[in-house]
Every structure is written in structure tokens, then in C-alpha cells.
Amino acid sequence: MNPLLREIRHNPLLWLLIFVPVLFAAHQLRPEAHTLLFALSVFAIVPLAALLSHATESVAAKTGDAVGGLLNATLGNLTELVIALTALRAGQYMLVKASMAGVIVTNTLFMLGASFLLGGLKFHTQEFNRVNARFQAGLLFLAIIALLIPSALRQADSAPAAAFTLQLSVGLSVLLIVGYALGLLFSLKTHREVFASADSGHGEETPWPMGLALAVLAAVTVLVALTSEIFVESVQQAASDLGMSQAFVGFIIVALVGGAAEMASAFSGARKNRLDLSVGIALGSASQIALFVAPVMVLASYVIGPTPMDLQFWPGAVVMMLFAALTASLVTNSGRSAWFTGVLLLMVYWIFAMTLYLLPPRAQ
Amino acid sequence: MNPLLREIRHNPLLWLLIFVPVLFAAHQLRPEAHTLLFALSVFAIVPLAALLSHATESVAAKTGDAVGGLLNATLGNLTELVIALTALRAGQYMLVKASMAGVIVTNTLFMLGASFLLGGLKFHTQEFNRVNARFQAGLLFLAIIALLIPSALRQADSAPAAAFTLQLSVGLSVLLIVGYALGLLFSLKTHREVFASADSGHGEETPWPMGLALAVLAAVTVLVALTSEIFVESVQQAASDLGMSQAFVGFIIVALVGGAAEMASAFSGARKNRLDLSVGIALGSASQIALFVAPVMVLASYVIGPTPMDLQFWPGAVVMMLFAALTASLVTNSGRSAWFTGVLLLMVYWIFAMTLYLLPPRAQ
Amino acid sequence: MNPLLREIRHNPLLWLLIFVPVLFAAHQLRPEAHTLLFALSVFAIVPLAALLSHATESVAAKTGDAVGGLLNATLGNLTELVIALTALRAGQYMLVKASMAGVIVTNTLFMLGASFLLGGLKFHTQEFNRVNARFQAGLLFLAIIALLIPSALRQADSAPAAAFTLQLSVGLSVLLIVGYALGLLFSLKTHREVFASADSGHGEETPWPMGLALAVLAAVTVLVALTSEIFVESVQQAASDLGMSQAFVGFIIVALVGGAAEMASAFSGARKNRLDLSVGIALGSASQIALFVAPVMVLASYVIGPTPMDLQFWPGAVVMMLFAALTASLVTNSGRSAWFTGVLLLMVYWIFAMTLYLLPPRAQ
């Protein structure tokens, strides 16, 4: 456990781990203090996600930037997956959907935008592998068409329409998972070489040995599950106490909390002029949520949820996901960026966040 | 007639020609057997379309790939044009519109996607003339804006709105035809050189002499007209007997049947690493339907239809056409493809087909 | 004043200045002759805008094409700014919004399209700095997302929704102005070199001395303000007398009148094979209206308007702005153009203009 302790000593983010036992204690002593529990669980999830991330990076250490970025995104989304499964089991489908839409939008706009901005403040212009950016944007676009169709065609709340939406959602979910698997086959196997980054230098963090990495993955996943349970229980009440709409909490807060560790990696990549890593994490994570986590939730709802969940999102969320994907696609098309590229993405994110914050409650 | 017989002997697809007399006989003997007549007319149209296609290719044989592709698309759409005119005369405007939208979506997503996939399974990556792809995508985008405006601005079903829609539809139709003519002037005359493909080798099929080619064009067009009449008569009843929604039949079945011969050419081009031909046929045919066939139908409805037809499509069809064009535009932008490019397009097509198949009847 | 008189002698457009005193006289003598006053004010604004434009060009003379284009657009929009402020003070918010949406659509489609067409008729193909085109298209896209969100999320006309829309409009306005300022910092200071045009030759028009240029700017701005007052007063009545819908007048007529001088510069740049100048004026002016003039109007409405104005546009106008920006973005992406590129843009413009012309009154 030596490398783990060394890591904790050197990384101030991990000092937040103290909030994990504090949270569990508070939950025993004051189970009704929703706002306190909400705040504590936010602070507890961030370092746990960071540990998951480092364990993942250790596994990914021997691959190229783009592939490492994909692996990072795959396991980095473990936090979101566990939170979403917890909310699913509790039947909070609004929260599940809002948080998935929020992660897609946040990664596509905020994580990518802040990476471009942070990198651009240090380097005049930066370049990245646009083949990977196009591939991820293409996957994302596919998924958003799938999420958009049930909303675009929905009718009045009549019984046949609900049955149609459920049937269609299962079909779309299977299709998206197949698309995701084929995408992995393409990027990791048949066309691996076009995704390899020119820059092969790797992060300064010492990778952990494989055994430690896997042990940390397992133990921390359990802790995340326990923490998310308290988070999901308290978030609703805390949101209304803090005067924030539920859409804002699901969309913005959950996405920022769950993605904190990935963001740390993406930003650090950008500051080291390794934008391939940042773009890979940001877009890869967004497309993984859209093509893998969201469909898995639909299928899982038949097993662990109180009722089946469909893929029909709130129309405002669909519009935001669509414009997030379009903006990211336009912006990454040239394979070059400067600080203003980041500002553009962050401003679109700010427009969405402000709208959700101001939205009167019943509109969501 | 020697080359024609030789062609029939060597091309198993043409053996389906036997269904043409069978269909006419069945129609005499059992005019009420809708499902049988529907199936027979499908099998009869496919080889007729293939003959039209070979006759066209014979004419196009002396031009470059891109121009040959355009000619191919122009006369290859003769089948769709004849089917649509037959449905128009019968006043089946829903079928006319659904089949036009369906051809646009099917060519843009299925024909292009399957070409990329089939080519990509044989070649690691393929390149094509992206100037032509951009030009066709631009035309398609223009047409879809024109088709989208009446739907986007439509109001309640009041009399002035209907008059507005009809007036606007005539204006848009004239504009689209002018745009199509200017596009031909651009691609065939003033800027011909940028559309010429680098690869000038041609298909192995022996072109027919001009006289035979023109005779086949004339005779087969008449047969297609007679066959479509039976097809249009029987399709509605057959669809409900087979449990398929009318939107699905118009959108998917008619488009696949009418385009079978073009698809054969596009796929064979892709397998021979001549993607310029495939992209030219697929996008050229889609833009020709949108800019030429659809407006001609609107104008023709004043002459041969029972009442004037407008350009207002079912909103779901407009959404599908818009996303088909956007997807094709994003995907062809780089001028390179691999097998996964085809998978992406096919998956978007599958999403649309599945949605239409599951759609409850009254929603269409 | 010598250079000013010489300019007037040589430029037939400026002979229209005679309409300025004629307009003021007519307004004194026949204040109720709306159609006459409307026509006279149109003819009076055109040469005034041209004078503003030449004064601006004199100031911009020592900078590169792209930066000169931006400066041109900034002060070239003075005419639109003054007209909009006049309409704002009169509480004609429909006219303010229609004219802003109209200027964005007209500059993006008509000014850019006609530049490509006029340039393309003289030169076989033309090239331009696509970095600048992408930058302006990105800004425009950002602004249109901001304008689209309130419309996309609007609810029934209930009181809380109205309060939400007003709050959101102020927030979005501040954000857009900040975005505009950062964009200027980026294009004029930190990344100035990528916007510099390769072609550094300048227009044949002799620049005025700085003193004269500033004096003309000040005096002509006052005249434009007085003229717009009469224009705004008469436009409504004149429109209904001439049988044009108000949407058509605001969208098309005001935009063409206010932009006449800029168009003259853009078209002349295109004919001299300096498309960078044309693209800079057209897209720069559109993005400046969207990111600067529109938000300033919202904030100014709290000071000089009878009631606060929001940023919520008529949905049809939002759709048009969105497709105008998408079309311009697709079309300028390659950095090359030919005459047909211009035809495509003009046809999209024509679709919008025809729709607005035919639109029955109560739909707007």
C-alpha cells in the first residue's frame, strides 16, 4: 500500500477522503439533515472519483494517449454509473435522466472548453488528433439522434403512445450498445493506428502496480456506491432547501461532482500540451454515457427498477445535448485550438447552466 | 438484341423479369389478392429498374465517374418518378410524400452507409472526391430547408393557412427546379473539372450500343408504369394485411424497391474501390429527388392530380431528412472512409426504420 | 472639405443625399403621407450609410483586410444601431427584433451569397481566410444558441414565465457582450496574426484625413437619427398600404436599407478578388448585431424603453437565423468558393424572403 499512501500525501485533493467517514457518521447521527448530508457526500465523492481515476490511469499507462483516454473515460465513468444505478433503484428516473444529459453536456462543453482555455492560456495554439475528435463526435451525434427521436415523435399521453415509447426505447438501447461495441472494435483493434497520438510521452504520476490498482478499483467502487446512496437520498430535499431547481442539480451539480476526477486529468493534459488526452477524455466520456450508460440504465430498469424506464428526455435537455454535440463538432473540426475556442464552449455551457438555474420549477 | 439477351443470361437479377408477365396475369385473374400482387410487383420492379440502370450506364459510359454518377442518378430515378406519378394520379399524396422522403433518407443513409461498409470490409481506408460530396450535400441541405419551412411555420388548419401553404409550395418548387438546373450547369459545364474523378477506369459491364440503350429505356419505362399502377393499387391493403404501418411501407419498402438497381451499382463501385461512383449515385440521387422530383410532383398535381398537392411533409419525416442530410454532410466532410463510417450511417437509418415500424398508426 | 466634395462628385450613390432635405421638408409639409415618407427615408438613409462607411474605411485604412473588415462592420452597423434605438424608444419591440433578426439573416445569406456570386462570375474560383470565417461563424452560432434558448423553453403566457424570460434575457445579454469583447481581444490582439489577410493591397478610394473622417461620422450620425425617426414612424402604415406584412418589412426591407453601404463595400471587395474583405464584412456584421447590438437593445430598454424588452424572438425568426448560420458555416468551411456557392446562399435567402412575403398577417 506504499504507493497509495505516497499518492495521498502528495495530492491535496485526496485529503478530502476524510469526508467519507464523516459522511457515514453524520448519516447515522443526523439522517434528516439533508443539506449537510448533500454537501458532505459531494465532498466525499470527489476524492473517491480521483482514486478510481488514478487506478484507471495505472492500467492505461502502457497505451497511447487516445486509447488511454478512452480507457480513462470508460472506467472514469464508473462513478456516474454507480450514482445512476443507485438513483435507478430508488425509482428517481428524472434524476437519472437529468444527470446523464448533464454529464453529456458538461463533458462536451465544460470539460472540453476549460481544457482548451487552460491549455490556450499557456500555449499560443495547440493541435490535436482530429480523427479521434471526429470519431467521438460522430458517435455522440448518433446517440443524440437516438435520444431525440422518441421526444420528437411523442404524442399526447395516451396508453398506446407510452407502450410505443417503451418498445422503441428498448430497441434503441440495444442498437446503441451494439454501436458502442463496434466503435471499440474500430478504435482499439481494426483502425488502432489512426487513433494513436503522435506525442507518446506520458504523465509524471507513477503508475501503481496492477494488483494495487485493481484492489483500489474494487474497494473504492463499494465506497462510491454507499456514498451515492446518501447523495441520492438527500439531493432532492437539499436542492429545494438551497433554492435550486431539480433540473439544475441533476444537470450541473451531479455532472460536475461525478466528473471532477476526469476533469483533473483532462485539465492537466491540456496544461502539458497533450490535448489529445483532454479531447479523448471529454468527448470519449460523453459518448460513453450516451451510447453505453444510458442504454444500460434502460435495460437495467427492467431488472432493478420499480417500473420500466424509457429513453424519452425532457425536450429542453434534448435541445441542449444536440447543440452541445453540434458545437463540439464544429469546434474540433480543424484539429487546432486557442484560448478563445475554450471561451466559446464555456459560454454555451454558461447559457445552459443559467437557463436551468433560472427556470421556474414546474417547467422541467 | 444480342447484347440484351447476353446480359440477361449472365445477370441472375434479371431472371426476376419472369415476374413481370406473372404479375400481369395475376392481376387479371385475382385482382383482389392485394398481398400477392404487392409481392409480385416488388419482384417485378427490381429487374426492370436494373435494366433501366444498365441502359443508363451505357449512355454514361464515356464520362468521368462523378458525371457518370450524376447521369446514373438522374435516369436511375426514372423508376421512382414513374411510381410517384402513378400515386399522384391516384391522389395518394401521403404515399407520394412518404416515398419521396423515404428515397432521400434511404439513399443518404442506407445506400451511402452500405457502400462505405462494403468497401471498408475490403479496403482498410478509402478516399473519394469530397468536392462532389460537399456539392451534393449542399444541394440537399438547400432542398431540406425548403421542405422544412412550410412545416415549421404551419398553423392551425384554417383556410388562409392552407392557401398560404399551397402558394408557398408552388414558389418553393419553382425555386428548387431553378436551383437544380443551375447545379447541373455548375457541375457539368462551368466547373466540370473539379468533379472529374482521378480514377478513370470503368466498369467491366459492356456498354450497349446507343440505339439499343434508348429502345430499352423507352420500353422498360412503359413496363415500369404498368407495374407501378398495380403496386400503388395494392400497397395500402397489403401493408395493413402484413401489419406494417403505411409510413413504414412508403418510407422504407418503396425506397428500397425503387432504388434496388442503383444500390447494385453503388455497392459494386464501393467493392471496386471507386467510392466516387458510390457517393455520386447515393447523394446525387437523394438531391435529385429533393430538388427535381418532389417539386415536379407539386407542379404536376395541378395538371394530373385530383387536387393541388403542397410541399408540407409530416414533421417526423422532415426531422429524419434533416438529420440524414446533416449526418451525411458530417461524415463525407473528410473525403475518407472506413468500415465504421458505414456502420454509423446504417445505424442512423436503423433508428429511423425501427421508429417507423413501431409507430402506432394514427401518429403518421 | 475638399475630399468630401470630390467624393460626392464622383460617387453617384451620394447624389441621393438630395433626398435628406427633401425628406425633412416633406415631413413638415405632409406628415400624414406615410408611404411617401417611407420611400423618401429609404432613399435618404442609403447615401448617409455610404458616407458613414467611407468615413469608417478611412479610419480602417491602415489595417489588414480582416481587421479592417471588422472595424468596417463595427461602425457600419452604426446605421442599424441608430434605427434600432429609435424604434426602441418608440416601444416598437416587434420592429426592433424583426430588424435585428433580418440583418443577421440578410448579411449571412444575401450579402455573403451575392459577394460569392459576383466574385465567382469574374473569377473561376476564389479563396479566402477560413480562420476568420470560422471565427465569425462560431461567434454567430454562440449568439444564436443564446437567442434560441428562451424560445425553445418558453411556456404559456403566465406571469412567472414572463419574469423568467426577462431575467434570462438580461443574463444572456451580459454574457453575449462579454463574449463579444473577448472575441475582439482575440482577433485584434492575442491572435491578430491569424486574421491578417495574405493580400495586403488596399482599395482605390482615397482615405480622408482623420479629422474630416471623425467630423463626418458625428454629423452624419445625427442625420441618420433624424431620418430613422421618420422612417420608424411611417414604416408600419406604409407596409400595410403597400400590402407587405410587417415581418417582411422588418426582416427584409430594413436590413437591405441599413446594410446598403456595407453591401457596396463587400461586393466591390469580391469583384477585386479580395473575398477576405467581403466575408469579414458580411459575417462580422452579422455576429456584431447578434452579440453586441441585440444585447445592448435589451439593456437599453430598461433605460429608454417604455417597458423592458426580452430576447425572445418569434420562433420562425429563430429557425431562419439558425439555418442561416448553419448554411454559412457549411459553405465557408472549405475556404474556397465559386459562383454556385453564392447561388446556394441566395436561394436559401430567397426561400426565407418568399415565406415572409406570403405569410398571412396574424402568423407573425
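With one equal scatterer per alpha carbon and no solvent term, the Debye-computed log10 I(q)/I(0) for the stretch B:91-191 at 0.09, 0.11, 0.13 1/Å reads -0.35, -0.51, -0.67.
For the pair the stretch C:252-312 / the stretch B:259-324, the C-alpha centres are spaced 37 Å from each other. Between copies, the label points of A:Phe24, set 7 Å from Cα on the Cα→Cβ line, lie 8.5, 8.5 nm apart, reported in increasing order to one decimal in nanometres. Each Lys and Arg adds +1 at its Cβ and each Asp and Glu adds -1 at its Cβ; summed about the Cα centre, the protein assembly as shown shows a dipole of about 860 debye. When +1 charges are put on Lys and Arg Cβ atoms and -1 charges on Asp and Glu Cβ atoms, the dipole computed for chain A relative to its Cα centre reaches about 400 debye. Placing a label point 7 Å from Cα along the Cα-to-Cβ axis, C:Pro12 is separated from the same position in the other copies by 7.2, 7.3 nm, shortest listed first. Computed with a 1.4 Å probe over protein heavy atoms only, the accessible surface of the protein assembly as shown comes to 36 Å² per residue. If you wrap the protein assembly as shown in the convex hull of its Cα atoms and look at it from every side, the mean projected area works out to 45.9 nm².
Accessible surface buried at the B:A interface totals approximately 2700 Å², computed with a 1.4 Å probe on protein heavy atoms. Estimated from the Cβ-Cβ distance and a Förster radius of 41 angstrom, the FRET efficiency linking A:Ala225 and C:Thr190 is about 0.35. For the stretch C:12-53, the spread of Cα positions along the three principal axes, ordered from largest to smallest, is 31, 15, 14 Å. Rounded to the nearest 0.05, the FRET efficiency derived from the C-beta distance between A:Ala215 and A:Ala90 at R0 = 30 Å is 0.55. May I ask you to give the percent of accessible area on chain A that is carbon plus sulfur, with a probe radius of 1.4 Å? After summing per-atom areas, the C and S share lands at 67 percent. Among C:Gln236, C:Gln167, C:Gln136, the largest mean-square fluctuation in a Gaussian network model of chain C, built with springs joining Cα atoms closer than 10 Å, belongs to C:Gln167. With a 10 Å cut-off between alpha carbons and a GNM built on chain C, which of C:Glu229, C:Glu57, C:Glu193 moves the most? Among C:Glu229, C:Glu57, C:Glu193, the largest GNM mean-square fluctuation belongs to C:Glu193.
Take the Cα radius of gyration of chain B and divide it by 2.2 N^0.38 Å, N being the number of residues; the result is 0.95.
State whether the stretch C:214-283 is rounded, prolate or oblate according to the following rule on the C-alpha gyration tensor (a ≥ b ≥ c being the square roots of its eigenvalues): a/c under 1.5 gives rounded; otherwise a/b larger than b/c gives prolate, and the remaining case gives oblate. Oblate. Accessible-area loss of 50 Å² or more (1.4 Å probe, protein heavy atoms, chain alone versus all protein chains) is found in the stretch B:164-193 for B:Phe164, B:Leu175, B:Leu182, B:Phe186, B:His191.
Along its first, second and third principal axes, ordered by size, the stretch B:239-364 spans 47, 34, 25 Å in Cα coordinates. Inter-copy label distances at A:Val174, shortest first and taken from points set 7 Å along Cα to Cβ: 5.1, 5.2 nm.
For the stretch C:316-350, accessible area lost to neighbouring protein chains reaches 40 Å² or more, against the chain alone with a 1.4 Å probe, at C:Phe323, C:Leu326, C:Leu330, C:Asn333, C:Trp339, C:Phe340, C:Leu344, C:Met347. For the rotation that carries chain C onto chain B, the axis lies closest to a Cβ at C:Asn333, 4, where the number is the distance in whole Å.
Remark: the stretch B:228-355 carries a charge dipole of roughly 600 debye about the Cα centre, counting +1 on each Lys and Arg Cβ and -1 on each Asp and Glu Cβ.
The residues neighbouring C:Met297, those whose beta-carbon lies less than 14 Å from its own, together hold a net charge of 0 under the Lys/Arg +1, Asp/Glu -1 convention. Counting Cβ atoms of other protein chains within 10 Å of each Cβ in B:280-290 and taking the mean gives 0. Taking Lys and Arg as +1 and Asp and Glu as -1, the other residues whose beta-carbon sits under 12 Å from that of A:Val131 total +2. Specify the residue with the greatest mean-square fluctuation among C:Arg30, C:Arg271, C:Arg134, computed from a Gaussian network of chain C linking alpha-carbon atoms under 10 Å apart. Largest GNM mean-square fluctuation: C:Arg30.
The values are calculated or read from the model by the stated rules, or taken from the named source; none is laboratory data. If you're wondering where the values come from, they're calculated on a predicted model, not measured in any experiment. Neighbour counts run over all protein chains shown; Cβ positions are idealised from the backbone, glycine included. The accessibility values were calculated without ligands, DNA or RNA, using every heavy atom of the protein model including side chains. Shrake-Rupley method; radii C 1.70, N 1.55, O 1.52, S 1.80 Å.
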